[in-house]
1. Counting only helical runs of four or more DSSP H residues, what would the 222 nm mean residue ellipticity of the chain come to if each run contributes -39,500 (n - 2.57) and the total is spread over all its residues?
2. Based on Cα coordinates alone, diagonalise the gyration tensor for segment 128-241, multiply each eigenvalue by 5, take square roots, and list the semi-axes in whole Å, largest first.
3. Based on the mean of other Cβ atoms within 10 Å per residue, sort peptides 157-164, 100-107, 173-180 so the most packed one is first.
4. Charges only on Cβ, +1 for Lys and Arg, -1 for Asp and Glu: so what's the dipole of the chain about the Cα centre, in debye to the nearest 20?
5. Suppose a student asked you for the relative contact order of the chain, using Cα pairs under 8 Å spaced at least 6 residues apart; what percent would you report?
6. Just to confirm my numbers, what's the Cα centroid distance between segment 156-207 and segment 27-52 in Å?
7. When a/c reaches 1.5 or more, the comparison of a/b and b/c decides; with that in mind, is segment 127-193 rounded, prolate or oblate per its Cα gyration tensor?
8. Let me see the pair-distance distribution of segment 89-153: every alpha carbon pair, 10 Å bin width, integer percents in order.
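Read-outs throughout are calculated quantities, based only on the coordinates presented, and are distinct from any laboratory measurement. All figures in this text were calculated on a predicted structure; none of them were measured in a lab. Don't worry about glycine lacking a Cβ; one is built from the backbone with ideal geometry, like all the others, and counts go over all protein chains shown.
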Amino acid sequence: MTEPRALPPRRIGVTGTDTGIGKTVATCALAARARQRGVRVAAMKPVESGIEERPVSPTGLASDAERLQAACGNGDPMSLVRPYVLEEPLAPMVAAQRAGVVIDVDALDAARAELERDRDLLLVEGAGGLLVPITPTLSYADLFSRWQCDLLLVAGNRLGVLNHVLLTVRAAEAAGLSLAGIVLTSLGPHALSVAEATNHEALRQLLPTHTILRFPWVDRLDDFAALAMAAQAAGLDVLLP
Ligand SMILES: Nc1ncnc2c1ncn2[C@@H]1O[C@H](COP(=O)(O)OP(=O)(O)OP(=O)(O)O)[C@@H](O)[C@H]1O
Ligand SMILES: [Mg+2]
């Protein structure tokens, strides 16, 4: 008798309105919450650039891939979590070209297939925003489409985010990506400005059919229980399989 073929996991591509606005924090929180719920989760940062520039976070982990790996808690090999690592803090296409590295999409496919084996959920963190180029002919929108990912848009809550969200939603639609949710993230523990206080309601008016969640500032990024609690409180459970 032949073995039944395993179903692919739910795949979520995590993109942002910009760089440095909380994609990794939100992805780690979702991974920690998934684990808490008994969901077998893996996370991937297919290309990580700017590795020399990243400040060491309170977790003691410098890179996104290390933070994602720790949040999933599986000890997945770094070669699968992050198949390509580039030194300069640039868009992957440019960092790769300057380093003489050729990014091979078949290698990315192979790492993804290996990493997601026996998992229920795969989280794929992009770099910067949705149209950031990985190669001249492959953007994150293309990669997420190729991998049949649903999209999670992490939007940094500040003045300008309405435009960045609307542009990204249009780009997602044009790429045929299904938008699973928009997470408006806090960018500091400070009191909210008028823009920050009104962005959530404005997005709800502008995008009434979309799921728009708010993710809080979390003091201890090395505390996965606190991250999971923040994910739950923000309503991120709707994204879990
Ligand atoms: N919700 C939050 N709570 C606490 N700190 C946060 C939060 N969001 C972002 N930060 C802080 O901002 C930094 C940048 O966030 P993060 O690394 O998640 O950004 P990113 O969008 O993944 O950036 P990149 O484009 O480089 O991948 C974090 O290291 C953390 O210090
Ligand atoms: Mg990141």
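1. Values: 9 runs with 91 residues, N = 241.
So the helix-based figure for the chain works out to -11000 deg cm²/dmol.
2. Numbers: eigenvalues 119, 63, 40 Å².
They are 24, 18, 14 Å, listed largest first.
3. Working: 157-164: 17.0, 100-107: 12.1, 173-180: 14.6.
So the order, starting with the most tightly packed, is 157-164, 173-180, 100-107.
4. Numbers: 22 positive and 27 negative charges, 114 e Å.
Taking the Cα centre of the chain as origin, the dipole is about 540 debye.
5. On the way: 458 pairs, mean separation 67.5, N = 241.
With pairs under 8 Å counted, the relative contact order is 28 percent.
6. So the separation of the two Cα centres works out to 22 Å.
7. On the way: a/c = 2.35, a/b = 2.04, b/c = 1.15.
Verdict is prolate for segment 127-193.
8. Spelled out bin by bin, segment 89-153 gives 19, 52, 26, 3 percent.
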